[in-house]
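Peer 1: Before anything else, here's the structure in question.
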Amino acid sequence: MEPITIDYKGYTITTDKSLMIVKDIHQWLSTEAYWCKNIPLHIVQTAFNNSYCIGVIKDGKQIGYARFITDYAVFAYLADVYVKEPHRGIGLSKKMMDILMNLDWVKTLRGISLATLNAHGLYEQYGFEVHKNPDRIMNIARPNIYGDMNNPCS
């Protein structure tokens, strides 16, 4: 797949992993993300390597990010979506979602899932809805796994 890179309101939005800054992504996820505080760098790097990623770059810094965990054929899970606080409110999350949801391979997926605490309005614009059969969904949740690891974030 050919990477996509666009200029948007003075920001670079890209799916080109070579332009993204994993240490910046790790810094935000490990200190700001309610879903993965204290996540180690090596786990962020592995997740990055094995996902379809999109990032927002400004002045050489990674200020936004999202990734699909996917088989590229049937299913994707949208994860780790963020835009740093000072850059919110100008449509960067929406532009990332526009790009992701309009990829040809994404349009043919049978299912796309995500979990969110407070961004339902954003995702509803792209067709996401509360699961119709929550009694069929099961998971293993380990919310404190990174805080319990012996390896400190680095």
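Peer 1: Among the residues of region 13-29, count how many are surrounded by fewer than 18 Cβ atoms within 10 Å (Cβ to Cβ) and among the hydroxyl-bearing types (Ser, Thr, Tyr).
Peer 2: 1
Peer 1: Somewhere in region 122-130, is a residue part of a loop (DSSP other than H, G, I, E, B), of a type in the set (Val, Ile, Thr) and in contact with a Lys or Arg (Cβ under 9 Å, 6 or more places away or on another chain)?
Peer 2: no
Peer 1: To continue, here is another question. For residue 153, only one of the following conditions fails: (1) modelled with pLDDT of 95 or more; (2) in contact with a Ser or Thr (Cβ under 6 Å, 6 or more places away or on another chain). What is its number?
Peer 2: Tallying (1) modelled with pLDDT of 95 or more; (2) in contact with a Ser or Thr (Cβ under 6 Å, 6 or more places away or on another chain), residue 153 fails exactly one: (1).
Peer 1: If only one of 78, 19, 100, 92 is over 26 Å from residue 141 (Cα atoms) and touching a Leu at 6+ places or on another chain (Cβ under 9 Å), which one is it?
Peer 2: Result: 100 is the single residue among 78, 19, 100, 92 that is over 26 Å from residue 141 (Cα atoms) and touching a Leu at 6+ places or on another chain (Cβ under 9 Å).
Peer 1: Give me the pairs, please: first residue somewhere in region 66-90 and closer than 20 Å to residue 17 by Cβ, second residue anywhere and among the basic types (Lys, Arg), beta-carbon distance under 8 Å, and either six or more positions apart or on two chains.
Peer 2: From residues that are closer than 20 Å to residue 17 by Cβ, the pairs are 78/67; 79/67; 80/67.
Peer 1: Additional query: Quick one: in region 69-94, of everything that is farther than 22 Å from residue 129 by Cβ and among the basic types (Lys, Arg), which residue is surrounded by the fewest Cβ atoms within 10 Å (Cβ to Cβ)?
Peer 2: 88
Peer 1: If you take the residues of region 116-143 that are out of contact with any Ser or Thr (no Cβ under 9 Å at 6 or more places or on another chain), surrounded by 10 or more Cβ atoms within 10 Å (Cβ to Cβ) and not hydroxyl-bearing (Ser, Thr, Tyr), which of them is farthest from residue 56 (Cα to Cα)?
Peer 2: Per the stated criteria, the residue is 143.
Peer 1: For the list (1) under 20 Å from residue 122 (Cβ atoms); (2) surrounded by 15 or more Cβ atoms within 10 Å (Cβ to Cβ), I need the number of the one condition that residue 32 fails.
Peer 2: That leaves (2) as the condition not met.
The values are calculated or read from the model by the stated rules, or taken from the named source; none is laboratory data. As the structure is a prediction and not an experimental result, all values here were calculated from the model. FYI the Cβ positions are ideal-geometry reconstructions off the backbone, even for glycines, and counts take in every protein chain you see.
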